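Undergrad: Below is a structure I'd like to ask you about.
The values are calculated or read from the model by the stated rules, or taken from the named source; none is laboratory data. Just so we're clear, the structure is a prediction, and the values are computed from it rather than from any experiment. Neighbour counts are summed over all protein chains in view; Cβ atoms, including those assigned to glycine, are modelled from backbone coordinates with ideal geometry. Note: accessible area is taken over every heavy atom of the protein model, side chains too, but ligands, DNA and RNA are not part of it. Shrake-Rupley method; radii C 1.70, N 1.55, O 1.52, S 1.80 Å.
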Amino acid sequence: MAALVAGAQALALARVSSSLSSPSSSSSPSSSCCSPSSECSSSSGVVSLAPRKRSGLPCILPERSAYMGESVSGFWTRTGISLRCSRPRKPHAGCKASIGAAVLADIAKETVAPAIGKPRADPRTVVSLILGGGAGTRLFPLTNRRAKPAVPIGGAYRLIDVPMSNCINSGINKIFILTQFNSASLNRHLARTYNFGNGVNFGDGFVEVLAATQTPGEAGMNWFQGTADAVRQFTWVFEDTRSKEIENVLVLSGDHLYRMDYMEFIQKHQDTGADITIGCVPMDDSRASDFGLMKIDANGQILYFSEKPKGADLKAMQVDTTVLGLTPEEAIEKPYIASMGIYVFKKDILLKLLRWRYPTANDFGSEILPASAKEYNVQAYLFNDYWEDIGTIKSFYEANLALTCQPPKFRFYDAAKPIYTSPRYLPPTKIEKCRVLDSIVSHGCFLQECSVTHSVIGIRSRVEAGAEIQDTMMLGADFYETEAEIASMVAEGKVPVGVGQNAKIRNCILDKNVRIGKNVVIANKDNVQEAEKPSEGYYIRSGITVILKNATIADGTVI
């Protein structure tokens, strides 16, 4: 029996030694080891097996529950393998044999040398810059009093929640948000949602708003002139002591809808040795001419750009998208790649480009990146999933209503990678004798004997009896009115917040805190494409009626 045990021990030891000393395990394992605080078959708590001829190579062996229900761990020593149980036990005659035959054989099977491969990207070396956007003229009037990233979406969220949540879910906890226009509501939302006190806890990370400001000197008198200029004015943050570990800078837009693991993006950037990596989406012929396109070589390196090409220029931008991971069938269907407007830069390359190489360039997409492709290794990273640029009233409207489809192309309710937002602690929605089809109804709403079809109803919305809402995005309200206040307003001939009795609303965006009176009809039956009626409380953009924030539409009005 003793000979059998000794043979099993020697065989297991030989296997472990072979794994650890093979050429494929040249990378250094962890140098930590278990503390010699527990005992097993002797007063020292150590089972020492055959000595190793080579010493100085530390190796932690995996913990196993193998001896009388107790976990057993081990590590190499200068004299052999040391195994320890999880707590002291009296010496047992069969302990050495049991551990030697059961545990060590198991360890020998599962303790293998770490595979050699490319190092994994570390989120601690990444800082994210989220651009708050310009004046948002294409999203006007929704941006009349708020920045683009602060525009509500999906009934309960803001656009800024998308890149913020993607960063959190990717493990990136060093985040700057650059703002300039109408930033009050954006700053308030960020402070309430992403902070150290009662929001998402960032540990040793941070979330900071970098607002446009004037500084001494002639150049410091200007506001942000573009995306690159905005980052240039704050390059000093990369020289702060908190940024000493930063190797890559992730530049994001605050007005896109998508779910993405940024660390896969960073990994591609690192694996290819790129100076700059640009996120891109595959495009078919029907939409390609609406975007800036990129031409790549057989290795995925970007050669040049073309902004919204047409005709022969469009055909010239076709690429083999199988290089980036598409199947041959998908590559035939989508032969173009369009920039997503998100980038990864090596930190030193970004500083060099902004400060020395192109000190007067104001925009990344139209100036710095096309010029850099001629001098640097600029790679394309393909994102083959749902992505939408919420840049216009039409795209905003369509993206919101697309959330009601079954199945939707984008889901806010993903348990594994949630989209975070401000915790408002609202009560559940109350629905009384209503007909609701293919719609999203958010928190804290009151719906009474109404019809809602293919619509999104935002937080704190109130819809009265007889109202019909179809193909409509209702952003909700910032506050409640009590039943007494509502009764008093009705008695005085005023209109409460929400949609009044027997109102008919179609193809519409209702901004926050709107007051829609009784028997109002908003349908745009004449199919007007563009109209500006701010004095009457609405605009029409691309055939979609937009009721302004805090606007009042009097009883019986027809739009």
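Undergrad: Scan ALA288, ALA274, ALA212 and give me the residue that is among the small types (Gly, Ala, Ser), surrounded by 12 or more Cβ atoms within 10 Å (Cβ to Cβ) and under 27 Å from ALA184 (Cα atoms).
TA: From the options ALA288, ALA274, ALA212, the qualifying one is ALA212.
Undergrad: Based on this model, can you work out whether MET317 counts as outside any strand (DSSP E or B), under 20 Å from ASN169 (Cα atoms) and at pLDDT 90 or above?
TA: When the stated conditions are applied, MET317 does not pass them.
Undergrad: Of all the residues that make up segment 171-188, how many are touching a Ser or Thr at 6+ places or on another chain (Cβ under 8 Å), on the phi < 0 side of the Ramachandran plot and not in a strand (DSSP E or B)?
TA: 4
Undergrad: Please go through segment 292-307 and give me each residue that is hydrophobic (A, V, I, L, M, F, W, C), touching a residue at least 40 places away in the same chain (Cβ under 8 Å) and open to solvent by 30 Å² or more (accessible area, probe 1.4 Å), ordered by number.
TA: Scanning segment 292-307 gives LEU303, PHE305.
Undergrad: Same structure again: Just a yes or no: is a residue in segment 308-316 in contact (Cβ under 8 Å) with a residue 60 or more places away in the chain and buried (at least 18 other Cβ atoms within 10 Å of the Cβ)?
TA: No, segment 308-316 contains no residue that is in contact (Cβ under 8 Å) with a residue 60 or more places away in the chain and buried (at least 18 other Cβ atoms within 10 Å of the Cβ).
Undergrad: Need the failing condition index for ALA373 against (1) at pLDDT 95 or above; (2) closer than 25 Å to THR125 by Cβ, just the number.
TA: (1)
Undergrad: Hey, among the residues in segment 420-454 that are of a type in the set (D, E, K, R) and assigned to a strand (DSSP E or B), which one's surrounded by the most Cβ atoms within 10 Å (Cβ to Cβ)?
TA: For segment 420-454, the residue satisfying everything is ARG435.
Undergrad: Which number in (1) within 26 Å of ASN166 (Cα to Cα); (2) in a helix (DSSP H, G or I) marks the one condition that GLU367 misses?
TA: (1)
Undergrad: Considering only residues that are within 23 Å of ARG120 (Cβ to Cβ) and either open to solvent by 10 Å² or more (accessible area, probe 1.4 Å) or in a loop (DSSP other than H, G, I, E, B) (or both), which ones fall in segment 249-265?
TA: ARG259, MET260, ASP261, MET263, GLU264
Undergrad: Still on this structure, please answer the following. Please determine whether any residue of segment 156-163 is buried (at least 24 other Cβ atoms within 10 Å of the Cβ) and assigned to a loop (DSSP other than H, G, I, E, B).
TA: Scanning segment 156-163 turns up at least one residue that is buried (at least 24 other Cβ atoms within 10 Å of the Cβ) and assigned to a loop (DSSP other than H, G, I, E, B).
Undergrad: Quick check on segment 512-544: of everything there that is among the basic types (Lys, Arg) and under 16 Å from ASN502 (Cα atoms), which residue is surrounded by the most Cβ atoms within 10 Å (Cβ to Cβ)?
TA: The qualifying residue surrounded by the most Cβ atoms within 10 Å (Cβ to Cβ) is ARG515.
Undergrad: Which condition does PHE479 not pass, out of (1) in contact with a Cys (Cβ under 8 Å, 6 or more places away or on another chain); (2) within 28 Å of SER185 (Cα to Cα); (3) assigned to a loop (DSSP other than H, G, I, E, B), if it passes all the others?
TA: Result: PHE479 passes all but (1).
Undergrad: Okay, next question. Check off (1) in a helix (DSSP H, G or I); (2) open to solvent by less than 50 Å² (accessible area, probe 1.4 Å); (3) at pLDDT below 90 for ARG192 and give me the number that stays unchecked.
TA: Tallying (1) in a helix (DSSP H, G or I); (2) open to solvent by less than 50 Å² (accessible area, probe 1.4 Å); (3) at pLDDT below 90, ARG192 fails exactly one: (2).
Undergrad: Looking only at residues in segment 476-490 that are over 29 Å from SER395 (Cα atoms) and of a type in the set (A, V, I, L, M, F, W, C), which one is surrounded by the most Cβ atoms within 10 Å (Cβ to Cβ)?
TA: ILE486
Undergrad: Determine, yes or no, whether TYR343 is in contact with a strand residue (DSSP E or B) (Cβ under 8 Å, 6 or more places away or on another chain), open to solvent by less than 40 Å² (accessible area, probe 1.4 Å), farther than 16 Å from THR227 by Cβ and of a type in the set (Phe, Trp, Tyr).
TA: Spelling it out, it is not the case that TYR343 is in contact with a strand residue (DSSP E or B) (Cβ under 8 Å, 6 or more places away or on another chain), open to solvent by less than 40 Å² (accessible area, probe 1.4 Å), farther than 16 Å from THR227 by Cβ and of a type in the set (Phe, Trp, Tyr).
Undergrad: Between residues in segment 228-239 that are more than 14 Å from ASN362 (Cβ to Cβ) and residues that are part of a helix (DSSP H, G or I) and open to solvent by 20 Å² or more (accessible area, probe 1.4 Å), which pairs lie under 9 Å by C-beta distance while being six or more apart or on different chains?
TA: THR235/LEU351; THR235/ARG355; PHE238/LYS347; PHE238/LEU351; GLU239/LEU351
Undergrad: Of the conditions (1) in a loop (DSSP other than H, G, I, E, B); (2) open to solvent by less than 70 Å² (accessible area, probe 1.4 Å); (3) closer than 30 Å to ARG188 by Cβ, MET473 fails just one. Which one is it?
TA: Just one mismatch for MET473, condition (1).
Undergrad: For residues that are under 26 Å from SER542 (Cβ atoms) and small (Gly, Ala, Ser), scanning just segment 367-419, find the one that is surrounded by the fewest Cβ atoms within 10 Å (Cβ to Cβ).
TA: Out of the qualifying residues, it is ALA402.
Undergrad: Which condition breaks for ILE457 when tested against (1) on the phi < 0 side of the Ramachandran plot; (2) touching a residue at least 60 places away in the same chain (Cβ under 8 Å); (3) surrounded by 24 or more Cβ atoms within 10 Å (Cβ to Cβ); (4) in contact with a Gly (Cβ under 6 Å, 6 or more places away or on another chain)?
TA: Condition (4) is where ILE457 drops out.
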